[in-house]
Every structure is written in C-alpha cells, then in structure tokens.
Amino acid sequence: MIRLSEFGFLAPFRVRSFRFQWPADLLTSWAFEMEMLVLGWYVLVTTDSVILLTAFGALGFIGTLVAPIFGMLGDRLGRRTMICFMRAYYGCLAVVTMVLGMTDNLTPYFVLALSLMAGLVRMSDLVMRNSLLGDTMPPAHLVRGIGLARTTQDTARIFGALAGAGLFAAFGIGNTYIVVTVFYVLSFLLSLGVAQSPTKQDGASRWRELKEGFSYIWNTPRLLALMWLAFLINFAAFPFTLSLLPFSAKEIYKVAEGGLGMLVAAYASGAFVGSILMAVTGGARKPATFMISFAMTWFALLAVFAVITKLEVGLALLFVIGVVQSFTMLSMSSLIIGTAAAELRARVLGVRMLAVYGLAMGLPLAGVLIDAVGYAGTAWIFVAIAIAATAAIGLKWRRALWP
C-alpha cells in the first residue's frame, strides 16, 4: 500500500485536521470564485460601467477593515468556531441571491449590497485558514501545508471560474446559485471536523487584545516590512489580475463570459503550478530574497500584459504571472506565519488582511485612471509605483529581512 510519507509534498494530509480543512477550504474557494465571476459579469453587462464594476470588486474586500477584530475573536473563541460561523453566513447570503435571481428580482444594486455584506466577513476566512494551519501543522511541513492549502484557491480560479461562466451562460444566475449554496453547506459540514484551537480564558478586554496585535507587528521589523509589501501588492498588482479581468475580456480582447473564464483559468493554472512547486520543494532557503525577486518580476510582467491585445499571448502571459504570484505570496505567508508568536497568530494575520484594503483603494483609482489615460497607461503608472516602493521596503528593512 502506498503511504503519504512516500510523497513528501502530501505529508500535511497525515494531519487529521488538514484532511477536513483542505476539502472545506476547496468548496468555499470554488463558491467564492463562482460568485465573483458571475456577479462581476452581471454588473458589467447590465450597467456597462467600469466604475460600478470596480465598486463591486472593492466592496468584496471591505471586510479587511474588520479582519483584526475577527482575528482577535479567533484567538479568544477558537478558530474552528469562527470559520464555521463564517461559512454558515455565506450560505445564507447565497440563498438570498438564489431566490432573487430565480424570481427575476435581482438588480445591480442588490448585487452591490450583497457584496458588501459578504465582504465584511469573507476576507477573514483566509485569516482563520492560515491560523489553523499554524496551529495544526508541524513546522517541518508548514510551507508544504501552505502550498497545498493555496491550491484550493488556485483550482477554484480555474474550475470555479469556468464552471461559473458555463452555468451562468446555460442556466442563468438563479440556477447557478443553487450550486454555490450547496458548496457552502458542504463546506460548513466539513469545517466541523477541523481541530479546535486553544481558546483564551483570561479577562483581558477585547480592545486591549486588539491593540496587542498591532503593537506586536509595529515592534517586529520583519512583520512590519511584510505588511507594507502585502499592502503594495494588493494596491498595485492584484487589481489587474482579479477585478479588472472582466474589463480586459470585454474591452481589450473582445470576448464574452467564456473568454473571461479562459483568462481567469490561465492565471489560476499558473498559480496552481506555482503552489504545487512550492509544496514539492518546501520553499526557498532564503525566502525573503525569493519573495522580493519574484515580486519585482511580477510587476514587470504586468507592464508587458498591459500592452498585449492578442488573446493567445495574453493567456500565456497570465499563466506565467500566476506562477510568479504564487512564488511571491506563498513565501510571504510562510514568513508571516513562521515569525508570528502562536498566541498572537490570528491577530497578526487579521492585521495582515488589512493590507488587502490596498485592493479596495487601488480598484477605484484604476477605474478613474482607465477612463482618463486608458488601460495600458494606468497599468504602467501602477507598475512604476510598485517597483519603486518595493525597492524602498527592501532597503529600509534589509536587516530584518536578511538577518
């Protein structure tokens, strides 16, 4: 009989909790991606407004503002408790969207309102996922565990996006949401099997606990540098490969939802390959150098992608960008989880999610700039800012990143 120990990159599955967490995260990620693609396309084709499209994308990330509070609650109440609550909440919102869609009462403004409600909680899902990994995964397998966990998001962007586009085109938004709701229900049930993390029993105030997380990061130079880099990447890089892909599909490549699904799948396929490579190799020996180098490469590739107008070339380039993105972000995650103290891990990761607010800031700015100077000009402005700021971060915190 073949044992998992014979395949080093599968070793994390020897942890019972991970065997429940991985499929639960997979189903949640698939549902997320189906919702983002279906609702984003719905907003664009019903309003023909890139401003409303970027508003939809930004509202989905508004929860970054409260992620530290969810992190604090995870440390206090237990991460499994919080992740089960979140997935039950997503399921309830999906039922509402399904009913509105099936009764033809859904409007773009209902979509924006539901996106806001989901976004308040959704960004903290990753906080709990990574905190649970830090709690349950042996240090020797942490990078492999993070890499395998990341494949849940990558495969979702491949198959979830394609499935969402196909179901939407064939059956409409209401019937598509039947599948989304089922995914959330199954994810909730599987999450019940995840190991419960230790809960905090002392009488410290929640405000004090929240301040401890911020103070700890501020006084840990390596974590502070990683937080700034995470913010920068979300501000300058992710807008062009996430929420603005519907714009690229419709206005640059002149394709419908099927072509959009191909663009999302190409990017996600590259990210999946990058995650698998990180899981197999166990990561770089010098993760900080690896992270900074590939962040710079990522920005440069985005500058090239901005001037591509041929679909086949764009798909190939998005695949490469996906690989580079995985190398960068997985290295960053391993550095944050490995550096943070166990008792503060969820709060640190909650503060890390604040960096995602860079996407909520970058998207509206990109929408305005696209109307003013065009898509390519906007991308070049963002890339120039990103490269200069990354160099500044590396220079300022060089002793913390390379001790």
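Any read-out appearing in this document is the output of simple, stated calculations on the displayed coordinates, not a laboratory observation. Just so it is clear, the structure is predicted and the values come from calculations on it, not from any experiment. Note that each Cβ is placed from the backbone with ideal geometry, even for glycine, and that neighbours are counted across all protein chains shown.
Grab the beta carbon distance between Lys396 and Val373, set R0 = 25 Å, and tell me the FRET efficiency rounded to 0.05.
Approximately 0.25, to the nearest 0.05.
Just want the ordering: Asp125, Asp75, Asp25, from fewest to most Cβ atoms lying within 10 Å of their own Cβ.
In order of increasing Cβ crowding within 10 Å: Asp125, Asp75, Asp25.
Report the charge-dipole magnitude of the chain in Debye, nearest 20, computed about the Cα centre from +1 at each Lys and Arg Cβ and -1 at each Asp and Glu Cβ.
Numbers: 29 positive and 18 negative charges, 287 e Å.
Charge dipole, the chain, about its Cα centre: 1380 debye, nearest 20.
Normalising by the residue count of the stretch 43-185, find the relative contact order in percent from Cα pairs under 8 Å and 6+ residues apart.
Dividing the mean separation by the residue count of the stretch 43-185 yields 36 percent.
What is the magnitude of the charge dipole of the stretch 261-403 about its Cα centre, with +1 placed on the Cβ of each Lys and Arg, -1 on the Cβ of each Asp and Glu, and no other charges, expressed in debye to the nearest 20?
That gives a dipole near 580 debye.
Could you order peptides 189-196, 306-313 by the average number of other Cβ atoms within 10 Å of their residues, highest first?
Packing order, densest peptide first, comes out as 189-196, 306-313.
At each listed q (0.15 Å⁻¹), what is the log10 of I(q)/I(0) that the Debye formula gives for the stretch 228-381 modelled as equal alpha-carbon point scatterers?
-0.82
Taking neighbour Cβ counts within 10 Å as the exposure measure, how do Met117, Met329 sort from fewest upward?
Fewest-to-most ranking of Met117, Met329: Met117, Met329.
Using only helices, what value at 222 nm comes out for the chain when you add -39,500 (n - 2.57) per DSSP H run of length 4 or more and divide by the total residues, to the nearest 500 deg cm²/dmol?
Helices in the chain give a 222 nm mean residue ellipticity of -25500 deg cm²/dmol.
Note the direction-averaged projected area, equal to a quarter of the hull surface, for the Cα convex hull of the chain, in nm².
So the mean shadow area of the Cα hull is 19.0 nm².
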